[in-house]
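All of the numbers you see were taken from the coordinates with simple rules; none came from a lab. Predicted, not measured: the structure shown is a model, and the values here were computed from it. Cβ coordinates were reconstructed from backbone atoms using ideal geometry, including for glycine residues, and neighbour counts include every protein chain displayed.
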Amino acid sequence: MRRVASLAVSLAIVGGLAAAQPAAATSTKTMSGTIDGSDGRAVNALIGFDIHDKNGRKIDMNGKAAYSAYKVINPTLPSTGGSKAGRTTTWTLSGIPANAAYVYIEVYPKQKHPSNPRIQLKTDQTRYGMALRRALPASSRGVQLRLPLVCGNVGALTGGIKGRVTKGGKLVTASRVRAWSIAPDKASSKKILGWNMGQAKMYQGYYNYVIPNLAVNQGYTVWVTYGGRTIKKTVRNVSVCKGSVMNFAF
């Protein structure tokens, strides 16, 4: 799984990818689908695509950026989205090299720039969480990208993961915390798969990390890094507006 940078973007990749391979120059493939919020609004979003060949090697399409390719969607909308009238609700990624086998997709809700309608600012989860699609065939059509409505809104579809990170029984500060859905995926699926970067901070006076705004009714692999070491654990399910607990001892 994977990461980005918008026109001023810096985001995360799920490590371990092999060196990027140059795009093939022969015939190409096309991938396409829809994008909106779980409440039916159009969204201001950045879509990052990580494209791989059959051997798992990343294929670069845009100058060795964090993602193989990316798309900016509705940059003039606020991060809270808006009416679909006159807005972009579909996407197409064309020119995918013929040797591409599968694609990982990550979607970020973004802030609009106050004066430049072509630029997105930082990721903003005021109304929507992030979403992903996993290892879909590179020629998939009808791929639905939906951003889950976060808690505090009617119809919320997110929860979270929280816990304690310790070493020798004492709290320590993780250098990195993140989670990715382990729910099965296929091109025709309409399920919202969640992911997010966490925050290493005191939370509710007891926990010292939290990963918010994760799409619900699915399990997650949680990665916590401290002192150059990463521990991965699985949370079996995240429920609406609740925090599942997973502790890490280094």
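Assuming charge only on the beta carbon of Lys and Arg (+1) and of Asp and Glu (-1), the dipole of the chain about its Cα centre is about 440 debye to the nearest 20. Using a cutoff of 8 angstrom between alpha carbon atoms and counting only pairs six or more residues apart, the relative contact order for the chain works out to 18 percent. DSSP bridge analysis restricted to region 151-250 gives an antiparallel fraction near 85%, rounded to the nearest 5. Here TYR104, TYR206 are placed in order of increasing Cβ neighbour count within 10 Å, fewest first, which gives TYR206, TYR104. Summarised in one figure, the compactness ratio Rg/Rh of region 151-250, Cα atoms and Kirkwood Rh, is 1.00. Which pairs, out of LYS58/LYS242; LYS167/LYS233; LYS170/LYS233, put more than 24 Å between their alpha-carbon atoms? Table pairs above 24 Å Cα-Cα are LYS58/LYS242. Taking a straight line from the alpha carbon of LYS54, these lysines sit under 24 Å away, with near neighbours fewer than eight places off in the same chain left out: LYS29, LYS64, LYS71, LYS186.
At what distance in angstrom do the alpha carbon centres of region 85-149 and region 181-198 lie from each other? Using only Cα atoms to place each centre, the spacing works out to 13 Å. In whole percents, the pair-distance distribution calculated for region 66-194 from its alpha-carbon pairs, binned every 10 Å from zero, is 10, 34, 34, 17, 5, 1. Taken over the chain, the alpha-carbon convex hull comes to 129 cubic angstrom per residue.
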